[in-house]
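As C-alpha cells, the structure follows; a few thoughts come after it.
The values are calculated or read from the model by the stated rules, or taken from the named source; none is laboratory data. Values in this document were obtained by computation on a predicted structure and should not be read as measured data. Virtual Cβ from ideal backbone geometry, glycine too; neighbours counted across all protein chains shown.
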C-alpha cells in the first residue's frame, strides 16, 4: 500500500481498485445523430428542447439507414413535438436528408 502511494506521488498515476472499463460508459451509436437532430431542430424552430427520445434506427437499403428521434419543444407557452428523421449512408455517415414533422403529442 505504501509503495502504491509512493508510485502515485512520483508518477502522478492514481491506483484504481476496480477496472476502468467498468466505470466509463460508452455512448450509444445513435448519440452523434441525436446531437445533429437537436442542432438542426434548434436552428429550424428557434425553441427550447425540453425532452428527447431516440425512436430507433431503420435500415432503408443495404447502404442507407435512418435514425429517428422525437423532440419536445417549448416556445413561450406553446409545447409541441417534432419527429426528426436523419437519413444517411452507412459507409461514411454522410447525411442524405433531415426530415421534420410536428406532432401534437
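In summary, strands (runs of 3 or more DSSP E) completely within region 42-90 and bearing 3 or more residues that are modelled with pLDDT of 95 or more and crowded, with 17+ Cβ neighbours inside 10 Å occur at 64-75, 78-89.
Pairing residues of region 43-61 that are over 12 Å from residue 88 (Cβ atoms) with residues that are assigned to a loop (DSSP other than H, G, I, E, B), at Cβ distances under 7 Å and at least 6 apart in sequence or on separate chains, gives 54/30.
Mind checking which residues of region 93-105 are modelled with pLDDT of 95 or more and either under 18 Å from the mean Cα position of the chain (by Cα) or over 19 Å from residue 35 (Cα atoms) (or both)? Correct list: 93, 94, 95, 97, 98, 99, 100.
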